[in-house]
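Have a look at the structure below before the remarks.
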Amino acid sequence: MLKRMIACLLAFSLFGCCALAEQGVTAADDFYAFANAALIESHPPVESTDTSVGALEVEGWSYINQAMIKISNDEEAHLRALICDPSSAQELPTEQILATASRLMQDHTARNAQGVQPILGYIDRIAAATSVDALMLECAHIYAETGVPIFFMLSASGDTETEEYTPKLTDAMLNMYEMLGDSYEAHRDEYKTLLTQIYALLGFDQNEAALHAENAMTCDELIYQAESYNGDDITELSEADSLLPALRLTDCYSILGLDGVTSIHPDSVYSSLYAIGTLATNEHLAMLQSSAMLAFFEMIGPYLSDEATLLQALFLSPANDEQPTHVPCIATGMNADDLYELLSTMLAIEISDNYSERYVSAETIDEIKAEMENVFNWYRAQIDARPWMSEATKAKALKKLDNCLVFVGHSSVSPYHDAEADNLVDFVLSGKKARLAYETAMVTDPEFHRVAWPVDMKSDIVNAGYSPYTNTIRICAGILQEPFYGADATQNAGGILFVLAHECAHAFDPKGCQYDAFGRHTNDWDTADIAAYTALTDQVVGFYDRFPYEGDQVRDANITLQEDTADLAAMQYTMSVLSTDDEKRTALLTFAHCWYAAHSEAYYNKMGLNSHAFSRTRINAAVSSVEDFYRIYNVNEGDAMYVAPEDRPNIWR
């Protein structure tokens, strides 16, 4: 693999940086600057707090960014090859899905011939409802069958224990007010004309289409007037003075095949179905029907005919100078660039898992899991040696390690599209339905929740994570490359081994320690142990607050406490697995390279990226917490990097 081919280049860069640094700043002055001299020269930190996020994304986290560029380039080249020749797919589950999607999208003759026919059955079912109750039930059934959340402008918040939910209005189905602002009234007739075209495409005559357009716009206007964008309760919605519980939450669950479920997270899409049921009286039926039809069309329009594709694009771009006159249409065939853009968005999960299948071998997975077991054993020894932990608390902590699940590469239960689908609409709906089933199981099945990955944690990203809610560690495929992981075991110690130990430490950080071995919030450590632990974490806060801050704000290390405690433990582990000072020196330099960030601390805090300490603080604090650093770099009292032994946090020392 590429990561093994460039290991020698990384080694050269590590010690090349060191040679350059020795001409100026020393490790005793500022290890961050010392270790990253070459990176600072090639990617100097952004000093202005006015710099755009784009600059951070392009130049920040220099080495991580290089790894992500490699991932992106590899995925793009592979996907483009499949687009040009779907028959070239290998015998990988996700490969077949990518090839199927490419083939279906290129089958443009069938798409135009079908027009909107594939969705008319759903439109007819919505139109046939004779009451709000009936409409809500039908929408719930369609949602369960297709995964398309028709009334996504609604949500609910409340108490999962009592199932007492308060309906809320969130974004309206059309964001026309937000996009057009004060010019909405001037464009209202144009917008109605566009919506009329959409309803005509769905089979309604001109008068019916115009009526549906007016109904849909009136519905959105009422929602806007109810201050939907700031989530106010819907008590201001026109004529909805009394809220009818037309569809109980348990009814929605039953439709989804979840009989007996009593608790769902209030922010989930399931609770929004209950909010719909409490929205309106039958006086609002026509408006809600028109909106429901339009919502379904919006989700599926890009996969229908030329006309549907263009109308859907216009629908999402209200009249202005940049209104599209043409969009790439699947129906008439798309060039490789257009197909790549669409496929890379629609098949994000399959593409990221495909990357893992191609680049993360079974041997690599076994190696990482073996290293993770070494990490667990180290923590077992540390827990046993903690004088501030009672025997009861130690037993709970050890049980947590024994039951911690580790996943490497990608999830084995991802919500994929159906490679056997014989038309594009069915293919798209199969993915939506798979995601619905996946998210339902994540919420309702504790065992599934423990083995599944969050759908927003793609496997090709440069990341790893620990979840206290499931007591699981997930190591994404994207991080298993240089500079974190390669052929050199010593560099790996400062890269991936540090990451593994960091994630494990989260099981016992100020948040993680409140959850048991199976992710239940028990908060059952002995009271005296909690007090002792809190005193130790207070030391961590004081330790991090001592590092200079270059912005005009006051640093509050309480914000980064969880990540800071994990970093300190991980650095202790990293040093423990190496024997010689040369090995430890290499690991320290690798660690500093991995977490270099090319932006100022003031900018970092302004952008809200401070769940971890700023790059300079993160690097300098971690290395200055271990005795090896002082010996290797001859750091003494009076040096800027020196911290007296009694002031170094000792949670895991």
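The values are calculated or read from the model by the stated rules, or taken from the named source; none is laboratory data. All of these numbers come straight from a predicted model, not from anything done at the bench. Every residue, glycine among them, receives a Cβ derived from its backbone with ideal geometry; neighbour counts consider all protein chains shown. Note: areas computed on protein heavy atoms with side chains; ligands, DNA, RNA excluded. Shrake-Rupley method; radii C 1.70, N 1.55, O 1.52, S 1.80 Å.
Taking Asn492 and the conditions (1) polar (S, T, N, Q); (2) closer than 30 Å to Ala644 by Cβ; (3) assigned to a helix (DSSP H, G or I), which numbered condition does it fall short on, given that it satisfies the others? All conditions pass for Asn492, except number (2). No other residue among Ser412, Ser430 is over 29 Å from Ala566 (Cα atoms), of a type in the set (S, T, N, Q) and without any contact (Cβ under 8 Å) to a residue 40 or more places away in the chain apart from Ser430.
Being under 28 Å from the mean Cα position of the chain (by Cα), open to solvent by 30 Å² or more (accessible area, probe 1.4 Å) and more than 30 Å from Glu447 (Cβ to Cβ) is a description that applies to Asp556. As a summary of the residue check, Leu304 satisfies the conditions (1) buried (at least 19 other Cβ atoms within 10 Å of the Cβ); (2) modelled with pLDDT of 95 or more except for the one numbered (2).
Taking each residue of the range 515-528 that is touching a residue at least 24 places away in the same chain (Cβ under 8 Å) and looking for partners that are open to solvent by 60 Å² or more (accessible area, probe 1.4 Å) and of a type in the set (Ser, Thr, Tyr) with beta-carbon atoms closer than 9 Å, six or more apart or interchain, yields Tyr515/Tyr469; Gly519/Tyr469.
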